[in-house]
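Worksheet for the structure shown next.
Values quoted throughout were computed directly from the atomic coordinates according to the rules given, and no laboratory measurement underlies them. Every value quoted in this text rests on a predicted model; they were computed, and no experiment measured them. Please note: Cβ atoms are built from the backbone with ideal geometry, for glycine as well, and neighbour counts cover all protein chains shown.
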Amino acid sequence: MKKVITYGTFDLFHKGHYNILKRAKEYGDYLIVGVTGENYDIGRGKLNVHDSLATRIENVQKTGFVDEIIVEEYLGQKIGDILKYGVDTFVIGDDWKGKFDHLSRYCNMVYLERTKGISSTQIREETFNQYNIGIVCDFPNDNQIIKESQFVNGFEVTNVYCEDNKVLDKFLEKYEVENTCENYSDLVENSDIVYVRCEISKRFSYIKKALIAGKHVIYDPPATFKEQELQELMDLAKQKKVILMNNIKMVHIHVFNQLLWMTQGGLIGDILSFNCAISKNDVTRSNLFYDLSVYTLVPMLKIMGLDYENFDCIVKKDGENIEFASMNFAYPNSRAIITVGNKMRVDNQLEIVGTEGTIRMKNDWWRSRNFEIHTPDSTDVQVFNTNFDGNGFKYLLRELSNLLADNRIDSRRIQEDELLEIIKILEQVRNSSD
Ligand code: C2G
């Protein structure tokens, strides 16, 4: 019996998929189809998949050409599958031409011509809502949303507004955006979603204006230095039934969920200490200290909770600009120390010590793909790994896409009380003298 194998996502099943399965079957007697699992697609950055795995499998099955369906769960699985199932021929569309030549060491390799004029991407664009994103921007660099939005269903950055024309010129040198807005009102009017990416002092009023106009908002946190202002924005978003979403990418990636699971679920025992440090030297952004602090306070509050008994901090300022701070939180049976350097360098790391193990994330831990667990009675180090593509922004957009599709406005990845607590802490750091 000749066995044939082919793979695919088979999203929004169409004629092209049908044809390739039909033709693949003609190469043998027994056809195995590997349908990509959701985690595998997420890991390879394919976030625009609409149908669930169950639906995609059902559609492949319904063609009647398929003898066995397997799930493709990780990169490199194909070689193992060929050996495991004793495959004679591997078939794939010619959009992959040349990419799988190395498999000819194991079986016959056939690239079939794709069916012209149809694709899942085209169906997606025709079928689903498209959302225009507008950026109000003070920083010409690192506008990853523009590139990353291409990977998720239904988003396109179409508008930009910069108060400063020099910033706008630099921005346009780097990024292609359809429409340059004369003023902020134009941007709000022309966009379904406004991304507020500017100095902290302006964030509150920009966000408020967009929410009043009934637009969804993504913003770089903190939105403000005042708790009651953040509360006002959150209430306004609810009243207008729109999404108010922080640009904190970390909470959207799997490794962060694993970290929460290990620590909140007691898998490293009772937590004794949480130490976390972050630093960056960007002279163009005077208030960057606060943005960096949010990145440390989110995991701290999630893992250690909000019920610390005492807080103190040491700060080093240059005028109004905080260059360094060490924040100490005394919890009933544990302690958290957060170190943030803007200009002053500290080694980026995160370490959580529990009675039954220590978790370590080194270097840029907030966008890490793994963490280590060291247990006291073993020299083995366990490594938890998950792959993700890019810097994480596309995963945030995917969450936004899910919320929009479900008509929900609340992502719940970061809770309101956590956000308010962060502002309260930052307010205290801001008011402390060096
Ligand atoms: N296909 C086709 N004609 C089209 C569209 C797709 O022949 N108009 C083929 C593709 O070439 C592929 C199969 O249908 O062989 C499935 O396509 P996708 O669902 O787009 O899957 P893909 O993301 O290409 O995954 O490990 C994953 C596989 O390598 C391929």
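Modelled spin labels at Lys170 and Asn310, positioned 7 Å past Cα toward Cβ, are 4.4 nm from each other. The rule of thumb for compact globular proteins, 2.2 N^0.38 Å, goes into the C-alpha radius of gyration of segment 3-122 0.98 times.
Give me the extension gain from Val71 to Thr375: residue separation times 0.36 nm, minus the current Cα-Cα distance, reported in nm with one decimal.
Using 0.36 nm per residue and subtracting the Cα-Cα distance, I get 106.1 nm.
Less than 5 angstrom separates the built amide H of Phe155 from those of Tyr131, all sequence-distant by 5 or more or on a different chain. Backbone phi angles across segment 61-70, fed through the Karplus curve with coefficients 6.51, -1.76 and 1.60 (θ = phi - 60°), yield HN-Hα couplings of 4, 4, 5, x, 8, 9, 9, 8, 10, 10 Hz in residue order; Gly and Pro are listed as x. Output the antiparallel fraction of DSSP beta bridges having both residues in the chain, as a percent to the nearest 5. That works out to approximately 45 percent antiparallel.
Overall shape: rounded for segment 123-262, with the ratio a/c of the largest to smallest alpha carbon gyration tensor axis below 1.5. About its Cα centre, the chain has a charge dipole of approximately 940 debye under the convention of +1 per Lys or Arg Cβ and -1 per Asp or Glu Cβ, with nothing else charged.
Please compute, over every Cα-Cα pair in segment 254-387, the percentage with a separation greater than 21 angstrom.
For segment 254-387, the share of Cα pairs beyond 21 Å comes to 42 percent.
Taking only Cα atoms and a 10 Å spring cutoff, compute GNM fluctuations for the chain and point out the largest among Asn247, Asn310, Asn132. Comparing Asn247, Asn310, Asn132 in the GNM, the peak value goes to Asn310.
Working from Cα pairs under 8 Å separated by at least six residues, relative contact order for the chain is 13 percent.
Volume of the convex hull of segment 320-434 (Cα atoms only), normalised per residue: 182 Å³. Between Leu112 and Ile92, Gly93, Asp94, the built amide H atoms are under 5 Å apart, and every one of these is 5 or more places off in sequence or on another chain. Scaled against the 2.2 N^0.38 Å expected of a compact globular protein of N residues, the Cα radius of gyration of the chain reads 1.13. When +1 charges are put on Lys and Arg Cβ atoms and -1 charges on Asp and Glu Cβ atoms, the dipole computed for segment 223-266 relative to its Cα centre reaches about 200 debye. Look at Met344, Met327 and count the other Cβ atoms within 10 Å of each Cβ; fewest to most, that gives Met344, Met327. Here the dipole of segment 46-132 is about 180 debye; that uses its Cα centre as origin and unit charges on the Cβ of Lys and Arg (positive) and Asp and Glu (negative). With contacts taken as Cα pairs under 8 Å at a separation of at least 6 residues, segment 254-387 carries a relative contact order of 29 percent.
Tell me which of Thr158, Leu187, Val91 sits at the most positive position along the dipole axis of segment 75-198, charges placed on C-beta atoms (Lys, Arg +1; Asp, Glu -1). Looking along the dipole axis, the top candidate is Val91. With θ taken as phi - 60° and the Karplus curve 6.51 cos²θ - 1.76 cosθ + 1.60 applied, the whole-hertz 3J(HN,Hα) list for segment 395-410 is 6, 5, 5, 5, 4, 4, 4, 5, 5, 5, 5, 8, 6, 9, 10, 10 Hz, x standing for glycine and proline.
Scalar couplings 3J(HN,Hα) for segment 191-203, obtained by applying the Karplus form with A = 6.51, B = -1.76, C = 1.60 to θ = phi - 60°, are 10, 8, 10, 10, 9, 9, 10, 9, 4, 4, 4, 9, 4 Hz; x denotes Gly and Pro. Legend: ranking of residues Ile133, Ile123 from fewest to most surrounding C-beta atoms inside 10 Å; resulting order Ile123, Ile133. Look at where the Cα atoms of segment 60-115 and of segment 257-336 average out, and the two centres are 47 Å apart.
A simple count of charges around Glu189, restricted to other residues whose Cβ falls under 15 Å of its Cβ and scoring Lys, Arg +1 and Asp, Glu -1, yields -2.
How many percent of all Cα-Cα pairs in segment 370-434 sit more than 14 Å apart? Walk me through the numbers on the way to the answer.
Values: 1591 of 2080 pairs.
Here the long-distance tail beyond 14 Å is 76 percent of all Cα pairs in segment 370-434.
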